[in-house]
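The values are calculated or read from the model by the stated rules, or taken from the named source; none is laboratory data. Remember, predicted model here, so these are calculated numbers, not experimental data. Cβ sites come from the backbone with ideal geometry, for glycine too, and all protein chains shown count toward neighbours.
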Amino acid sequence: MSYAAGFKSLKREATVGALPVEGAMPQWLSGTLIRNGPAQFEVGTDTYNHWFDGLAMLHAFQVADGEVSYRNRFLESRSRSEALEHGQISRAEFATDPCRSIFRRVMSIFRPRLTDNACINIAKLAGDWVAMTETPLPVAFDPETLETVGVTEFADDLDVQTMTAHPHIHPDTGQMTTYGASFGRSCRYHVCAIDPGSRRRDVRARLPVDRPSYMHSFGLTERYAILSEWPLRVNPLDMLLEGKPFIENYEWSAQEPTRFRVARLSDGEEVTQVEAPPAFAFHHVNAFEQGDAIVCDIVTYNDASTIDELYLERLRSDEPTPAVGTLHRYRLPLGGSTSLVKPEPLSETQLELPRVHDQRIEGRPYRFVYGVGARKAGNFTDQLVKINVESGASKTWREEGTYPGEPVFVPSPTGGAEDSGCILSVVLDPKQDRSFLLVLDAETFSEQARAPVPHAIPFGFHGQFLGN
């Protein structure tokens, strides 16, 4: 498959003062798009197993006065420095475990070394921009040079082993709300708030759980946090003793329902648990309160086999890879429910890596979601999509033989409609062995401009636009 080119290592770091621009950049667009994702999939003779495992690299596209500059830098994490020093993979990742001997495996139980290979997302924490992964080790970096500053230590004693890389940032206050999980004899989910400029995680809710679910993201409204417990669960003792990579300790239970657990942020009370048919998801899209219910929109799959589809061996093979899911709406009654809540499909157009107008509608009613899609089934992500969640109608952008990444919405400075602005996406062109920054008009979904980079950028995950 030609998209396999997106899973080749990029070891070149470059600074390009001016990229060629085709078309016309919006004159109002001013700031920097910073993307995060894996870029190195081998160390010595060792190879990472999964797309989520590769060593992190940051990419910055700076836009001003219709011109675009570019730079990329590896995130100099402890995981990367130790691996390069020893010539082999050093720390356990999502689906790769370097503990080769029984002695090392046993020692890792008593002295676990969590990975700080923060290759998933970026966010602002305590006044710094940080790269994030699913461990509680955010890594600060300079947004102008992309140079690594180091792990940001939290100013509290909260003991969690996992932490989402998808925190919610309040558009008015800048407060971060995040979720983490602690494993042990007793396990808990923790919903936390972090004030702007602070490194203290203020726990808003603690929810006990016997077998934690793998939850990549969570939902948030103005008053509630929504944790979606997919029936992909782990026995914490197995995680400690069996020596498997992190995600391979989780087991799919098709006989179990999905369970939504809703906690009130003001006092931490779990106000309801709502069950739904078994499903799996990486990404919540949006949630909002509507009458005596919570509306929760999520990109879902029938089961967790999508994780297996994303192992590098599969992605680099000739087998097709279904990398997109279906947008479903769950209506969660706050008074509880005696029957299963059935998800409502919102569109026939599939998508992944969903984004909305973060500054205006996150946690509130909305109309539009943007994402990557697949016109040809199994062709990874070969188009960009825009879905109207009220009507189910969709618009697409596609160019034969290219593979776009996550679309980031940038609102117009003059305001206007919810979709007044532009879409930024980094698109891989395997035939040209390069990628380009694509700019679409968010309303019409028509191309405005593109700026080619002199090399191919491996498929990444998430990014943010830092306005000037």
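Annotations
- The set of residues from region 111-149 being aliphatic (A, V, I, L, M) and in a loop (DSSP other than H, G, I, E, B) comprises 114, 118, 120, 126, 137, 146.
- Looking only at region 261-293, and only at residues there that are of a type in the set (D, E, K, R) and touching a residue at least 60 places away in the same chain (Cβ under 8 Å), the one that is surrounded by the fewest Cβ atoms within 10 Å (Cβ to Cβ): 269
- Out of 381, 444, sole residue that is in contact with a helix residue (DSSP H, G or I) (Cβ under 9 Å, 6 or more places away or on another chain) and assigned to a loop (DSSP other than H, G, I, E, B): 381
- Taken over region 42-62, the criterion of being in a strand (DSSP E or B) and either touching a strand residue (DSSP E or B) at 6+ places or on another chain (Cβ under 7 Å) or touching a residue at least 60 places away in the same chain (Cβ under 8 Å) (or both) is satisfied by 47, 50, 55, 56, 57, 58, 59, 60, 61, 62.
- When 198, 182, 213 are checked against the criterion of being among the polar types (S, T, N, Q) and crowded, with 20+ Cβ neighbours inside 10 Å, 213 stands alone in meeting it.
- Residue-level analysis places residue 91 among those that are over 30 Å from residue 400 (Cβ atoms), at pLDDT below 95 and part of a loop (DSSP other than H, G, I, E, B).
- Residues in region 164-178 that are touching a Pro at 6+ places or on another chain (Cβ under 8 Å) and free of Cβ contacts under 8 Å to residues at least 60 places away in the same chain were compared, and the one that is surrounded by the most Cβ atoms within 10 Å (Cβ to Cβ) is 178.
- Residue check for residue 209: β-branched (Val, Ile, Thr) and in contact (Cβ under 8 Å) with a residue 40 or more places away in the chain: no
- Evaluation of residue 156 against (1) touching a strand residue (DSSP E or B) at 6+ places or on another chain (Cβ under 7 Å); (2) under 30 Å from residue 239 (Cα atoms) (one fails), failing number: (1)
- Selection count where residues are in contact (Cβ under 8 Å) with a residue 40 or more places away in the chain and within 22 Å of residue 403 (Cβ to Cβ), scope region 357-381: 11
- Meets criteria (surrounded by 17 or more Cβ atoms within 10 Å (Cβ to Cβ), at pLDDT 95 or above, part of a loop (DSSP other than H, G, I, E, B) and more than 23 Å from the chain's Cα centre (by Cα)) for residue 10: no
- Residues that are among the aliphatic types (A, V, I, L, M), part of a loop (DSSP other than H, G, I, E, B) and within 23 Å of the chain's Cα centre (by Cα) within region 447-468 comprise 456, 457, listed in sequence order.
- Some residue of region 78-86 being under 20 Å from residue 454 (Cα atoms), more than 19 Å from the chain's Cα centre (by Cα), modelled with pLDDT of 95 or more and surrounded by 14 or more Cβ atoms within 10 Å (Cβ to Cβ): no
- When 430, 404 are checked against the criterion of being touching a residue at least 24 places away in the same chain (Cβ under 8 Å), under 21 Å from residue 32 (Cβ atoms) and either out of contact with any Cys (no Cβ under 8 Å at 6 or more places or on another chain) or of a type outside the set (A, V, I, L, M) (or both), a single residue qualifies: 404.
Quick grid of which residues meet (1) small (Gly, Ala, Ser); (2) surrounded by fewer than 18 Cβ atoms within 10 Å (Cβ to Cβ); (3) closer than 20 Å to residue 440 by Cβ; (4) at pLDDT 95 or above:
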| site | (1), (2), (3), (4) |
| --- | --- |
| 2 | yes, yes, no, no |
| 14 | yes, yes, no, yes |
| 20 | no, yes, yes, yes |
| 28 | no, yes, yes, yes |
| 40 | no, no, no, yes |
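- Total residues in region 332-344 satisfying the condition of being in contact (Cβ under 8 Å) with a residue 40 or more places away in the chain, assigned to a strand (DSSP E or B) and either touching an Asp or Glu at 6+ places or on another chain (Cβ under 9 Å) or surrounded by fewer than 19 Cβ atoms within 10 Å (Cβ to Cβ) (or both): the figure is 1.
- Those helices (runs of 4 or more DSSP H) lying entirely in region 207-326 with at least 2 residues under 20 Å from the mean Cα position of the chain (by Cα) and not charged (D, E, K, R): 305-309, 312-315
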